[in-house]
Amino acid sequence: MEFKIKHGDLAKAKTPCLILGVYAKPKLSGPAEVIDKASGGALSALLQRGDMTGSRASCVVAYDLPDIAAERILLLGLGKRKELDRSGFDKAFAAALARLSEISVTDALFALPKPPKDMNLYKLVRQTVMQAAQANYRYEHTKEPAKDAPPQLQNLSIWIANKDQDAVATRAATHGKAIADGIELTRDLGNLPGNICTPSYLAEQATALGERYAALSVEVLEEADMEELGMGALLSVSRGSREPAKFIIMRYSCAPISQQDNKPVVLVGKGLTFDAGGISIKPSEAMDEMKYDMAGGASVFGAMVAACELQLPIDLIGVVPSSENLPDGAANKPGDIVKSLSGQTIEILNTDAEGRLILCDALTYVERFDPALVVDMATLTGACIVALGRHPSGLFTADDELATEISAAGETAGDRVWRLPLWDDYQQQLDSNFADMANIGGRDAGAITAAAFLSRYAKKYPWAHLDIAGTAWLTGKPKGATGRPVALLSELLIRRAGIET
Ligand code: BES
Ligand code: MN
Ligand code: ZN
């Protein structure tokens, strides 16, 4: 999909469809007023008939306006001007995109209204581009597109009132496209079935990214390497599966040489390509969805793509420990004790709490990079969905400043998080009679005890954990991967790179 920034005389703009905002009451947006004047009051007349009230997400299409070059106008209800915020804008624009698809419009020009109260022009343009690109997403790896599927939007031009803001808008559109590309890869990987998207497949995808981007180098550790290092926790999970585990390391290096102390940002993502629970097997209902248990890893891929596309001036390392979790004669058994890379021993009381077992070794491994920051993403617990539902990801960190930084990035990106406590009080739930810790902490506060477990392996650097079990996947209809939290991670990286947003 192509995006362009336009300005100039809106009445003369040639386009199959010009999208104009209308506020409640109804009241024309700035660009709509321009068109109203140029057409001798055609839009005012239309409003007077009562067809368009300006209520949020309502759409009316009008044809053949006098002295207007656009073939048609799509009036888009934005609701009350004062109440319009980012999420309201999202809802309205989603309705416009759906309507464009219904009327088979493949080329449109969106005359942006004034930014909603919690956005500036950069954010509005970036969001518009990301939303349009994401609305076009189709999963096509193992299914042909429907023959009668409506054609997709191919070109979206964005008209801005002030030509002086062309540079900002162009940058925002570039950013939006780059992030959308990352999100698309993340969704594809999440949607692919476990028999295709195996640890080896993820490793191949990483290698392919390394070939695509000069700034990205990729290394894959094999089980023998992990054995030698002593990744006993990760390998214990992989032993129950015929697919060999892979430990994927992607290094993106673009920090300016002047920054001598450039410690990297490290992203770690759970790459469980299928989680049957192991010997503590899951109920069969909806078990198919456990193919998305690599969504954390997939979000690392997405964030790497965004960083590469944007050529962000930072050092970034993505690490994806990848395995399956299946029941097998060699699989972990409840009561087994394994030794992690950190040297700490773990009593595996439930083999379905495998994510923390593969992540703890990854968290120890990344110490060698002397990170400025480590953020791990994992579809870690059903308990996080119980606690927070499916709107925010769970955020866990002992670092208040970091919590603020990540929360703010999530707000801006429309990819929100909500912080849960990570107090020491919870640690005792992990006590074990036979090892340094158990891998589960009982019924209470399951998302927190999982994070508390991880925290024992992340003591050497600033660290945050995102539990994305509720946000990385939509159940019901439509079901599938959402690409979260790539938007949040991209925003975080853009800010760390010192780029203005
Ligand atoms: N991958 C699951 C968590 C999960 C559940 C993600 C539902 C998405 C939707 C994880 O490996 C798991 O099985 N966690 C257990 C932990 C429990 C055994 C302490 C859970 O949440 O039930
Ligand atoms: Mn599990
Ligand atoms: Zn899992």
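Read-outs throughout are calculated quantities, based only on the coordinates presented, and are distinct from any laboratory measurement. Everything numeric in this text was worked out from a predicted model, so none of it was measured. Virtual Cβ from ideal backbone geometry, glycine too; neighbours counted across all protein chains shown.
A few notes on this one:
- Normalised alpha carbon radius of gyration of region 177-229 [divisor 2.2 N^0.38 Å]: 1.33
- Under the criterion of Cα pairs below 8 Å and six or more residues apart, the relative contact order for the chain equals 14 percent.
- Positive-end residue, the chain charge dipole about Cα centroid, Cβ charges, pick of Ala94, Asn439, Ala233: Ala94
- Put simply, region 101-172 fits an ellipsoid with semi-axes of 29, 13, 10 Å; these come from the alpha carbon gyration tensor as the roots of five times its eigenvalues, largest first.
- Considering all C-alpha pairs of the chain, those separated by over 33 Å amount to 42%.
- Sites excluded, chymotrypsin sites (Phe, Trp or Tyr not before Pro) in DSSP loops with at most 16 other C-beta within 10 Å, longest stretch of the chain: 140-422
- Footprinting exposure proxy for Ile385, Ile160, Ile337 (fewest neighbouring C-beta atoms within 10 Å first): Ile337, Ile385, Ile160
- Note on region 331-412: semi-axes of the ellipsoid equivalent to its C-alpha gyration tensor, largest first and rounded to whole Å, are 27, 20, 9.
- Folded to 0 to 90 degrees: helix 166-191 orientation relative to the chain principal axis, Cα: 50
- Normalised Debye scattering of region 220-377 at q = 0.11, 0.20 Å⁻¹ gives log10 I(q)/I(0) of -0.45, -1.20, counting only Cα atoms as equal scatterers and leaving out solvent.
- Region 1-86: Rg to Rh, with Rh as the Kirkwood radius over Cα pairs: 0.96
- Taking the longest Cα principal axis of the chain as reference, the axis of helix 295-310 is set at about 50 degrees.
- Rounded tilt (10° steps) of 199-212 against the dominant C-alpha axis of the chain: 50
- Volume of the convex hull of region 24-144 (Cα atoms only), normalised per residue: 114 Å³.
- Footprinting exposure proxy ranking of Glu309, Glu411, fewest other C-beta atoms within 10 angstrom first, gives Glu411, Glu309.
- Taking 17 Å as the straight-line reach from the Cα of Lys4, the aspartates and glutamates in range (excluding those fewer than 8 positions away in the same chain) are Asp107, Asp164, Asp166, Asp181.
- Cα-based values for region 46-113, radius of gyration first and Dmax second, are 12.3, 34 Å.
- The convex hull defined by the C-alpha atoms of region 382-501 has an orientation-averaged projected area of 8.6 nm².
- Equivalent ellipsoid, region 91-215 (semi-axes from 5 times Cα gyration tensor eigenvalues, Å): 31, 21, 12
- Flagged links, alpha-carbon separation over 28 Å, of Lys37/Lys82; Lys117/Lys477; Lys177/Lys459: Lys117/Lys477; Lys177/Lys459
- Just so you know, the averaged projected area of the alpha carbon convex hull for region 198-302 sits at 8.2 nm².
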